Each structure stands twice: as structure tokens, then as C-alpha cells.
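> Supplied in C-alpha cells, the structure appears directly below.
The values are calculated or read from the model by the stated rules, or taken from the named source; none is laboratory data. Since we're looking at a predicted model, the values are computed, not measured. When we count neighbours, we look across all protein chains shown, and the Cβ atoms used for this are built from the backbone with ideal geometry, even at glycine.
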Amino acid sequence: MATVELKAVSKIYGTTVRAVDSVDLSISDGEFIVLVGPSGCGKSTTLRMIAGLEDLSGGTISIGNRIVNDVPPKDRNIAMVFQNYALYPHLNVRQNLSFGLERRRTFKSRWRGIWDSTYRTQRHAERLAITARVDAAARTLGIEQLLHRPPRELSGGQRQRVAVGRALVRDPAVFLFDEPLSNLDALLRGEMRTELRILHRSLRATMVYVTHDQEEAMSLADRMVVMKDGVVQQIGSPAEIYGSPANRFVAGFIGTPPMNMFEGRIARDSTGDFTFHWKESVFSLCKRWVAGELSALGHDTVTLGIRPDRLRILPAGENKNSCCLTGHVVTIERYGPLADIVAVVNGMRVISRTSTDTLAAICEGDAITLEFQMQFAHMFRADGSAVTSPRN
Amino acid sequence: MNRTLWKICQYAILLAGATILLLPLWWMLVVSLETPERAGAAIAGGIGLSLWPPSPQWGNYPQALSEMGSVPWQGFLNALANSIVVTVLVVIGTVLSSSLVGFAFARIRFRGSRGLFLLMLSTMMLPGQVTIIPLFLFFRNLGWIDSLLPLIVPAFFGNAFFIFMYRQFITQIPESLLEAAKVDGYTLLGIWWRIILPLCRPVTAICAVFTFIYVWNDFMGPLIYLHSDEQATLAVALNSFRNQYGGLEDVHLLMAASLVTMIPCILLFSASQRHFIEGLARGAVKG
């Protein structure tokens, strides 16, 4: 168990390519941290730097209050699970699991036991201890019946378990996961996700997990770190990040289907209230944001974002208020109890997520009115940063 | 029908090829089992050879082997021992050094690695004959002439072709395996020994078999560096035997001795054939 501390960690390839740019992150003991971002955002590089598989170009990494910049991977007390599992093909599952333990044995010599009986007893005890640890890990992961098999005879899910098991037997201070589930099919992925959560709960170990799948990140993380182009965009609990994204990138990246974004300008109506103008539509901003912040925006382009589930379909009879969009339905995607309605409004596609119950009367091609639930909207400045709202 | 015909043609061609390849072997076998008179006459063209000698002279074999060298049997056994020592050590040396260097070229990034690799490859273009005299002088200065060392030691410094093969093969092994082993606590040497070598089995099979056959049959090297009878390898001993018993009346003994020296290669090749062909095919597909 240990804390992990990253201070101004950078990785520069060649002279110019900043794969990771001054990342600060402090991971507390027993925390499940997920690094998430699109491919090439530096999340894997960051993880590999924690593992010691990449050198740092700048900054420091400490594990358990010890700076490990120049410590080789084997002495960092970490274990890593790789995307392609990285099981040793020539060893069976038991040997794969014990491979790291074998290296760390105190009584290694096969020959000394011949004349040194104390050594022989100790060596034997050590072997039994390794066997016991491997058995325990195999039991935890439900792979006891696979111990004698070579990796090529295992299914993807079983290989994944063995890969996790290999980390587990080592009982490391920090577990590192590099997109471990991305080679599994959707069903298995969900299953393994749950198991990893349960495993984390029972071990209370520090885990750092890298994925490009934001849903996976949301479901696993205690805290998540959203990255883009080597720069940390936001760090927070999944709820914080979903509820109040720090910038336009985070807002668009987290959440499925993605947030609807409307680029427009702020103005004031005759009564002095702030309004948002997007193409032909005008929305009242309903005092969601502080007046001072809004007036500071001046005439810059701003983006108003709203999650698809906050874009309500207005039944035909209901009165339209000042926050409504009218358009027509392009297509409807149904997911069991939920459905996504893709509509074109003012020439732009918007998505509304709704329960299938309210859907009955709507067909593709129909005209539709969507109510913009302004109290759940997000506003971003021209540079992408969020305008804070007191009601978040 | 068409397919059957095609099959028959295929087998006919294969059979013809196999016969042509086996003919010299069969000829050696028959001559080695003939009486001196019949064998000599067959060589001189006096009589045709029968498919199998009318009365096989199995005694030709012990006679041939015992008459190799000046003391009965000792010459042969000595040469056999020398050949085995040289071949086994050279095979071990070539496999260990070539895989180690190939691993370094494939997986360790260091300044000048590309240039060094090209330099190493370019040594393959150098005809062996060019280096004979400098090498001889080199080994003479070390005082290694008339010992087995000049034949054995260079093998522990790698072989350009096999280094190339190992490098190509090791490049295909996923990097993450090595990283996993690093995290598991292994050093580069440990990774080479515990992961790379076991995974390179097909290449090792090719490397070992090729090297074995080459070294076992090598005549130039031993001829240049070895002078005394005690140090002779089988190939050299066989040559002195030929000088001694090269006449028509002794050709059956020469054939018997030659056949015996061929046996290890034939056995090794048949035993490792499966590995060998798998390795060649893999090399072909994966580059």
C-alpha cells in the first residue's frame, strides 16, 4: 500500500514532442485512479513512467514518499497488467503466476541444498510459500482449474484473469493497469470491470488504471484524471467531472451520447436579462450564471452545452417557453428502456436521450420540439474553459 | 480424375528427385560392402554394380575404422572425439552468442546500433578465403596453432547470419513480454535466458543444425589450423585415410569410412526435421 505523487512530470520525445506536459497528481493510499483520454493523450506514457518503463524528461515521481525517478521497475514494488496480457507463452499458468516470485527468492541455489540441510529446509519452505500464494491468487480469480495450461489454450477472459493474477501474487504497493480490458468483448468487459472493482474493495490497494473508454473510467474510478495532448484537463470524482466539467473538451469527452454544443453569443434583452443567441434561436439564461461573469464575456463566441438527457421532448400540447428548439427527427436509436433521438435543428444535429415510454408517437421525419433545461446547461468561454455557475 | 493424375505426377517428380539425391549414397553403401576386387572393378568400370552386393562384407567397416591413423582404432576414436568436442562447443557458442547479440540488436536501443548492425551484416559479404591468412597469423600469434581453439573460440563471438536471423525473430516477440519481465524483476540477461531463448526455439533449431552440419563436415578450418594426427577431426582424418588408401583396391574401405562420418549428420537432420522446417517456414512468413 502506498501513495503515489507526480510533480510536474513531463515526457518529451526528441526535442519538441511533449507527450506528457507537467502533470501534477497525488494519489492517496488505496485509491482507484483512472487516467482517461483519447489516444495519444499521454495517459499510457504517464503510467509507464510510474512503472519505470519510461524515463522522465522532467519532474519527480514518488511512490510511498520515496522518489523513484532512478529506481528500476523491479525495485518500485509495483505490478503492471498489460493491454495484450503479456503472458509468457512458454510457461503454463502456474509458472506465469510464480515467475516474479521465483526471481525474488532468497534460497535460489539448487545445489547448495545437497550438502546444507538447513538451506534445504528453508528452500523447501520457500517453495511451499510460493505455491500457496499462487494458489490463493488463483482462488481469488477463479482460475484454479487452469493452472497447468499454457496461455495459448486460454480464452481472452481467462488470459486477462491470469494477467491480473500475476500482479496479485506479487502483493505490490501499487497496481498499474494499461487498458487491460480493451481486447475483451463487451459482455466480458463489463464482467471484468465489476470484478476489478470488487478486487479493489477487498485489497484496498492503490490502483492506477489507464483507459480510453470514458464509460469504463466512470464506472471504475474513485477519482479520474482526464487528459488531452499530454495535459491534465481535470481531476475529480466521476460525478464531479460529469456534473461540472472544467472545460469544453472534458464536457464533450465524458458522457454518452456526447453533450450537445451550441456556439453563439450572449446579449441582453429589453428587460436587461441575459440571453443566448444561437442562429435563429434565442434562449433566456434564467439566472443560471452570475451576471458579472456573463457581462465579462462581452461579445465573444461562447458555447452552451447540454447533455442529451437534459434536452426534453416537449409533448405536442404543451406550451413552448423561451428555451425551446424545433426541428425534425432524423433517426431514433433504441437501447432497451432508453432511446436517442437524433434531430436536426437550425441545420445542426442534436441528440436527445429519453425513455422509450415517451417515444411512442414519434417517428423518423416528424417535427419535434425540444425543451432546453437551462438549469442543467454548461457554458464555455471561447478558450474552452467553463463559466462557473453557483448552482452546480 | 484430373486431380488424381496431378497427384500421380507430383509423386513421380518427387520420387525422381529423391532417387537422384539418394543415388550417390546408395552407391557408397554398395561399394563399401563389396569385396576389394569387385569394388575396384566397379570403380574402374569393369563390372556393373548390383542393387545389393551378392555377399555383403560387413567386416569392411571395422577394418576401415581401425586402419585410420597409425595405431589401430586410436586414430578413428581420436578424430571422433575431436570432432564431437569441436562441433558441440561450436554449436553451443554460436547459439548463445548469436541469440544474445541478436537480442541486443532487436530490443536494446543504443547509439550507433543501426550502424553496427549494418557493419555486422556487411561482414557476410566478405568471402571467407580473404580472411584465411590474417586469421592464421592472428591465431599463430596467440599460439593456438595445432590446437582446437581456433576452431572453437570464434563461435563464441557470434555468426553474422544467425545474429540476423535471431534479430528478425526477436523483433516479433511483443515488447510487453520483456516489460512484464522487467517489472517481475529480471535483468536483461535474465530476460534473455528465461524468455528470449525459450521463445526462439525454432531459430535455435535451425542455427544448431546448420552449424552442426557445417562444422562436422568442415575441412578447410581443421586443415589449416591442425597439423598433428592427435588433433585431427574426422574430416581431416578421412582425408589422410584417402591419401593412404586412395587406390582402386581399397576404395571399399574409403567408402565405409566416409559413410560412418556421415551418419551423425543424417541422424541429426532426420531427428530435427520437424523443428527445422517449421523454423524455415516461420522465417519465410514473418521475415
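> Looking at A:THR303, A:THR256, which is the one that is exposed (fewer than 15 other Cβ atoms within 10 Å of the Cβ) and polar (S, T, N, Q)? Talk me through it step by step, then tell me what you get.
Values: A:THR303 fails: exposed (fewer than 15 other Cβ atoms within 10 Å of the Cβ).
Testing whether each residue is exposed (fewer than 15 other Cβ atoms within 10 Å of the Cβ) and polar (S, T, N, Q) leaves just A:THR256.
> Based on this model, can you work out whether A:ASP55 counts as more than 19 Å from the chain's Cα centre (by Cα), within 14 Å of chain B (Cβ to nearest Cβ) and either part of a loop (DSSP other than H, G, I, E, B) or within 27 Å of A:ARG193 (Cβ to Cβ) (or both)? Write out each step before concluding.
Values: more than 19 Å from the chain's Cα centre (by Cα): yes; within 14 Å of chain B (Cβ to nearest Cβ): yes; either part of a loop (DSSP other than H, G, I, E, B) or within 27 Å of A:ARG193 (Cβ to Cβ) (or both): yes.
Against the criterion (more than 19 Å from the chain's Cα centre (by Cα), within 14 Å of chain B (Cβ to nearest Cβ) and either part of a loop (DSSP other than H, G, I, E, B) or within 27 Å of A:ARG193 (Cβ to Cβ) (or both)), A:ASP55 qualifies.
> If you don't mind, another one. Applying the selection to the range A:293-322, what residues are at pLDDT below 85, within 15 Å of A:ARG268 (Cα to Cα) and not hydroxyl-bearing (Ser, Thr, Tyr)?
Across the range A:293-322, the qualifying residues are A:GLU293, A:LEU294, A:ALA296, A:LEU297, A:GLY298, A:HIS299, A:ASP300.
> Kindly list, by first and then second residue, each pair from a residue in the range A:160-186 that is within 11 Å of chain B (Cβ to nearest Cβ) and closer than 10 Å to A:TYR85 by Cα to a residue that is surrounded by fewer than 22 Cβ atoms within 10 Å (Cβ to Cβ) and basic (Lys, Arg), limited to pairs with Cβ atoms under 8 Å and residues at least 6 apart or on different chains.
A:ASP178/A:ARG48
> Tell me, which residue of the range A:1-34 that is farther than 23 Å from A:VAL81 by Cα and of a type in the set (A, V, I, L, M) is surrounded by the fewest Cβ atoms within 10 Å (Cβ to Cβ)?
Looking at the filtered set, the residue picked out is A:VAL17.
> Got a number for residues in the range A:73-111 being of a type in the set (D, E, K, R), within 9 Å of another protein chain (Cβ to nearest Cβ) and in a loop (DSSP other than H, G, I, E, B)?
Looking only at that region, the number is 2.
> Read through the list (1) of a type in the set (Gly, Ala, Ser); (2) more than 12 Å from the chain's Cα centre (by Cα); (3) under 27 Å from A:SER237 (Cα atoms), then give the number of the only condition that A:ALA221 fails.
The single condition A:ALA221 does not satisfy is (2).
> Looking at the range A:210-232, which of the residues that are touching a residue at least 40 places away in the same chain (Cβ under 8 Å) and of a type in the set (S, T, N, Q) is surrounded by the most Cβ atoms within 10 Å (Cβ to Cβ)? Break it down stepwise before answering.
From the range A:210-232, those touching a residue at least 40 places away in the same chain (Cβ under 8 Å) are A:210-217, A:220-232; that's our starting set.
Subset that is of a type in the set (S, T, N, Q): A:211, A:214.
Numbers: A:THR211: 25, A:GLN214: 23.
Applying the filter and picking the extreme gives A:THR211.
> B:LEU116 passes all but one of (1) touching a helix residue (DSSP H, G or I) at 6+ places or on another chain (Cβ under 9 Å); (2) within 30 Å of B:SER240 (Cβ to Cβ); (3) without any contact (Cβ under 8 Å) to a residue 60 or more places away in the chain; which number fails?
Only one criterion in (1) touching a helix residue (DSSP H, G or I) at 6+ places or on another chain (Cβ under 9 Å); (2) within 30 Å of B:SER240 (Cβ to Cβ); (3) without any contact (Cβ under 8 Å) to a residue 60 or more places away in the chain is unmet by B:LEU116, namely (2).
> Please find, among B:ILE224, B:ILE195, the residue that is β-branched (Val, Ile, Thr) and in contact (Cβ under 8 Å) with a residue 24 or more places away in the chain.
Working: B:ILE195 fails: in contact (Cβ under 8 Å) with a residue 24 or more places away in the chain.
That would be B:ILE224, the only listed residue that is β-branched (Val, Ile, Thr) and in contact (Cβ under 8 Å) with a residue 24 or more places away in the chain.
> Can I ask one more? Being at pLDDT 85 or above and touching a Gly at 6+ places or on another chain (Cβ under 8 Å) is the filter here; which residues of the range A:104-123 pass it?
Across the range A:104-123, the qualifying residues are A:TYR119, A:ARG120, A:ARG123.
> All but one of (1) surrounded by fewer than 16 Cβ atoms within 10 Å (Cβ to Cβ); (2) among the β-branched types (Val, Ile, Thr); (3) under 26 Å from A:GLY52 (Cα atoms) hold for A:VAL134; which doesn't?
Unmet condition: (1).
> Then there is this: In the list B:ILE152, B:ILE170, which residue meets the criterion of being assigned to a helix (DSSP H, G or I) and away from every other protein chain (no Cβ under 14 Å)?
On the way: B:ILE170 fails: away from every other protein chain (no Cβ under 14 Å).
It is B:ILE152.
> Here's another thing I want to ask about it. So for the range B:132-147 (the condition being part of a helix (DSSP H, G or I), within 14 Å of another protein chain (Cβ to nearest Cβ) and surrounded by fewer than 18 Cβ atoms within 10 Å (Cβ to Cβ)), does at least one residue qualify? Don't jump to the end; show me each part of the working.
Keep residues of the range B:132-147 that are part of a helix (DSSP H, G or I), which gives B:132-142.
Okay, now just the ones that are also within 14 Å of another protein chain (Cβ to nearest Cβ), so none.
No, every residue in the range B:132-147 fails to be part of a helix (DSSP H, G or I), within 14 Å of another protein chain (Cβ to nearest Cβ) and surrounded by fewer than 18 Cβ atoms within 10 Å (Cβ to Cβ).
> From (1) small (Gly, Ala, Ser); (2) surrounded by 16 or more Cβ atoms within 10 Å (Cβ to Cβ); (3) without any contact (Cβ under 8 Å) to a residue 40 or more places away in the chain; (4) within 30 Å of A:ASN65 (Cα to Cα), pick out the condition that doesn't hold for A:ALA79.
Looking at each condition in turn, A:ALA79 falls short on (3).
> If A:ARG66 meets every condition in (1) surrounded by fewer than 24 Cβ atoms within 10 Å (Cβ to Cβ); (2) within 28 Å of A:ARG161 (Cα to Cα) apart from one, which number is that one?
(2)
> Separate question: So is B:ALA180 part of a helix (DSSP H, G or I) and in contact with a Ser or Thr (Cβ under 8 Å, 6 or more places away or on another chain) or not? So that I can check it myself, show each step before the final result.
On the way: part of a helix (DSSP H, G or I): yes; in contact with a Ser or Thr (Cβ under 8 Å, 6 or more places away or on another chain): no.
The answer is no for B:ALA180.
> Between residues in the range B:164-178 that are in contact (Cβ under 8 Å) with a residue 40 or more places away in the chain and residues that are assigned to a loop (DSSP other than H, G, I, E, B), which pairs lie under 8 Å by C-beta distance while being six or more apart or on different chains?
Hits for this filter: B:TYR166/B:CYS200; B:GLN168/B:GLY287; B:PHE169/B:CYS200; B:ILE170/B:CYS200.
> What is the number of the single condition among (1) surrounded by fewer than 19 Cβ atoms within 10 Å (Cβ to Cβ); (2) within 14 Å of chain A (Cβ to nearest Cβ); (3) free of Cβ contacts under 8 Å to residues at least 12 places away in the same chain that B:ASP184 does not meet?
The one condition B:ASP184 does not meet is (1).
> Pick out the one residue from A:ARG152, A:ARG120 that is loosely packed, with under 13 Cβ neighbours inside 10 Å, of a type in the set (D, E, K, R) and assigned to a helix (DSSP H, G or I). Lay out the reasoning, then the answer.
Numbers: A:ARG120 fails: loosely packed, with under 13 Cβ neighbours inside 10 Å.
None of the others qualify; the one that does is A:ARG152.
> Condition first: within 32 Å of the chain's Cα centre (by Cα), among the small types (Gly, Ala, Ser) and closer than 23 Å to A:ARG204 by Cα. Can you find one or more residues in the range A:168-179 that meet it? Before you say what the answer is, go through the steps one by one.
Residues of the range A:168-179 within 32 Å of the chain's Cα centre (by Cα): A:168-179.
Next cut, among the small types (Gly, Ala, Ser) only: A:173.
With closer than 23 Å to A:ARG204 by Cα added as a condition, the list becomes A:173.
Yes, the range A:168-179 has at least one match.
> Pairs only if they're at least six apart or on different chains, beta carbon under 7 angstrom, first in the range A:307-332 and more than 28 Å from A:PRO245 (Cβ to Cβ), second of a type in the set (Gly, Ala, Ser) and modelled with pLDDT under 90; list them, first residue then second.
Between residues of the range A:307-332 that are more than 28 Å from A:PRO245 (Cβ to Cβ) and residues that are of a type in the set (Gly, Ala, Ser) and modelled with pLDDT under 90, the close pairs are A:HIS328/A:GLY365; A:HIS328/A:ALA367.
Per-residue answers, yes or no, for (1) within 21 Å of B:PRO198 (Cα to Cα); (2) modelled with pLDDT of 85 or more:
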site	(1), (2)
B:VAL236	no, yes
B:PHE241	no, no
B:HIS252	no, no
B:ALA256	no, yes
B:LEU259	no, yes
B:PRO264	no, yes
B:SER270	no, no
B:GLN273	yes, no
B:LEU280	yes, no
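> Then there's this: Answer yes or no: is there a residue in the range B:49-67 that is among the hydroxyl-bearing types (Ser, Thr, Tyr), farther than 20 Å from B:ASP229 by Cβ and not in a helix (DSSP H, G or I).
Pass one, the range B:49-67, residues among the hydroxyl-bearing types (Ser, Thr, Tyr): B:50, B:55, B:61, B:66.
Subsequent filtering for residues that are farther than 20 Å from B:ASP229 by Cβ retains B:50, B:55, B:61.
Then keep just the ones that are not in a helix (DSSP H, G or I); that gives B:50, B:55.
The answer is yes; a qualifying residue exists.
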